[in-house]
Amino acid sequence: MKRSQAASIKTHPVTGTARTDRVLIVALVAGALLGGYLLWSHINDRIAAIETIIGSQIRARAAALDGQFQIAGGHLAALRQRAEYFYAEYPAPEDVPRSPLLSALLSSNPGDQPDQAYTLNRLPPPYLTEQIGNIIAMSDLDASQQPGISRPDRDIWRQEAAMAVQMLPLMAVTSSLVPDTNRLIYASVSGMVAVHPWIHSDDSDLLLQVVTYPPFRQAAPQMNPGEKQVWTLSQKGPAATAALSLPLSLHGRYFGTFTIELLLEGLKQKLGAVTRSGSQMLLIDGEGTIILRTGSALEQEPLRLEQLVPDAAERLTADGATRGISEPFLVSAALEQAPWRVVYIVPPLNILVPAMKDVLISVIGFLAALTVVLFVTRRLTQRSLAVRDAAMQAERDARAAAERALTDLRAAHDELDFLNREKTRFFSLISHDLRGPFNSMLGMTQELADHAPRMAPDQTADFARSVHEMARKVFDLLENLLQWSRVQMSGTPFAPAIFPIRDVVAHAIRDVTPTAQAKNIQILDAVGDRWVLADRTMILAVLRNLLMNAVKFSHPDGAVHVTSRAMGDRLEVAVTDKGVGMEPDLLAEAMETGPKTSRPGTQGETGTGLGLTLVRDLVLRHGGELMLDSAPGQGTVVKFSIPMTANPAETKRLLAAHGGK
C-alpha cells in the first residue's frame, strides 16, 4: 500500500508537465495555422489586386488600339462620303470640272491609245510627290483582258478619274493624321488605282494585283453584301500590314474600295511591351490565329493560341480572366472596331511569387516602421528640453520683430506725413496758379460784359483770344493735377501695348506745336523707327510735359531735340533744349522730389511745378528711370527709359521665313 502511494506521488509531476507540453504544442500549432491562414489570405488578396491591375492595363491597351482603329475608320468613312458628294455634285460626266491634276492624268496618254496606261508620274506644278499621291489606270486593252475589270463607258471612266483626282489631297491629309499608316489606296473596278504616298507606276505592282488585292476582293458585294468595314491581313515580314477597307457603292453600283493599310509593327508598339518575365501579349482573330505577339522569345513562332495554352478557348470568357496556381493566368479584351481580341498570358507562379514578395516586404516594412516609431519616441523625449529653449528663443525673436515692426511703422508714418505735406504743397501751388488766370478771366469777361457794344471788333477778338489762352492754361493745370492724382491713388489703369515710339512723339509734338510756334521754336524729331511695350496714354503725357517744359524754358528762335537710343532691352528717350538751364541746388531738388515752386519761362510763362513729378511717377510705373542733366545758361537734357520690343510685323515675317525652311 505504501509502495503504490509512493509511485502515485512520483507520477503526478510528470503527468502535469506532459499535459502542459501538449497544450503548448496545440497552441503553437493553432497559432501557426492561424498565422499561415492570415498570411495566405493576405497573399491571395494581393494576387487578386495584381490580377485586377493587369486586367485594367490590358483593357486600357485594347481601348488604345480600338481608338486608333476608330480614327482610321472615321477617316476612311470621310473619304467615302466625299466621293459620294462628288457624284452628287457632278451627276453627269460633262459636269466634271477640269483641274490641273486631271489634265495631267489624261495628258499622260494624249492620243487615248488603247495599249497605253494613264498615270500621274509627272505631277504638274505646284504639286510635289511628297505632298500628293499617284493615280495609275490600266490601258483599255489591259482592262478588257482582266477578269473582274469593267470599263464600259469612256465618259464615266473620266468622271471617276476626276473623282479620284479630288481624293488625292484628302488621302494625303488622312495619311498624315492616322498613325502607323503604310499607304492609302482607292482600287476601282474600272482598273484604276489611286495610292498615297506617291510611287512611280513602274515601281508598283498594284495595277496587276487590283483584281486579286485581298482588301478589294473582301470588300466587294459578293463577299460583303452589307457594305461594312472589312479587315484583311498581310503577313509578309517587317512590312506586314492590317488593311481596313470600305466599299464605295452608289445606286446599287459597286465602284471600288477605299483601303488604309496600317503597319503591324506600329500596332505592336501601340499594344505595348510586356513587363513581366515570361509573359506574352497577343492579338488574335476570331479563329484563334495569332496576328501580333510581344513578350518572351520562343524557339518556334506559334501560329495559334492553342499552341501556347491548349485549353485557352474553354478558359477565356468575354472580356474576362481565368487563372489557376498551376495554370497560366489569362486575361482578354475584345476590340469593338475590329473582329479581334487582345490576350495576355502569364506563366504559372509568375503572379504568386511577386505577391509573396509584396507581403514579405509589407511585414518587413511594418517591423521597420515599429522600429522607427520607437526611435522617434526616444528622440522626442530627448529633444523636449531643446524645444523649450527654442520656444524661449522664439519669444525673444518675436519681441525683436515687434520692435522692428514698430520702427517700420514709424517710418511709414513719416512717409505718410511727407506725402501729406507734398499734397498740401501741390494744392497750394495749384490754387496760387489758378487764382491769377481766373482773376484775369473775370476782369476781361466783366470788361466785355460792360463795354462790348462800344468796343471795336478787333478789340473784342483780342479779348476773346486772351480769355481762351487763359482758359487753356487753366485746363492744362487741371489736366496735370488730375493725372497726378490718378497716379497717386492708382486710379489710372496701366494698359501696356506694343507701338512705335515715333507715333507718340509725333502726337506730342502736334500738341505742343502751337506753343512752340508762338516763340518760333523748332521741335526736331530724331527718335527713329523703334517699337516699345508701354502704356500709350502715359507715355504721351510724359512726352507732352517734357516738351512743354523744354519750350517754356527755351529762348525764342531756339530748337528742341527728341532723340532715342537702345540700351539692351530698354529704350532711352531724351528731350534736349538749349534754354536757361538749372542751378545745381535746383537740379538736386528736382531730382529728389520735384521743384518746390513753379519757375516762370523765358517769356514769363507760368506753371505748377507738378509736371516733372507726374513724369517721374509715370516713368516709374513702367519700371524705368528719370534722369536730368542741366547747367545754367546751357540748357537741360531730360531722359527716361521704357521697355523696348521688336517690330511685330518683322517678327511675323522672320517666323514665317523660318517655318518655310
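Values quoted throughout were computed directly from the atomic coordinates according to the rules given, and no laboratory measurement underlies them. In this text, all values refer to a predicted model and were calculated from it rather than measured experimentally. When we count neighbours, we look across all protein chains shown, and the Cβ atoms used for this are built from the backbone with ideal geometry, even at glycine.
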Pairs to check: Lys519/Lys552; Lys519/Lys578; Lys228/Lys270. Give those whose C-alpha atoms are more than 18 Å from each other in this structure. Lys228/Lys270
Among rounded, prolate and oblate, which fits region 110-223 when a ≥ b ≥ c are the square roots of the eigenvalues of its C-alpha gyration tensor, a/c under 1.5 means rounded, and a/b larger than b/c means prolate? oblate
Compactness of region 493-649, expressed as Rg and Dmax over alpha-carbon positions, Å: 15.0, 47
On a full-extension model of 0.36 nm per residue, what is the gain between Ala497 and Ser384, subtracting their alpha-carbon distance, rounded to one decimal in nm? 34.7 nm
Taking 7 Å along the Cα-to-C-beta vector as the label spot, tell me the Leu655-Met455 distance in nanometres, rounded to one decimal. 6.2
How long is region 73-131 along each principal axis, judged by its Cα atoms, biggest number first, in Å? 36, 32, 22
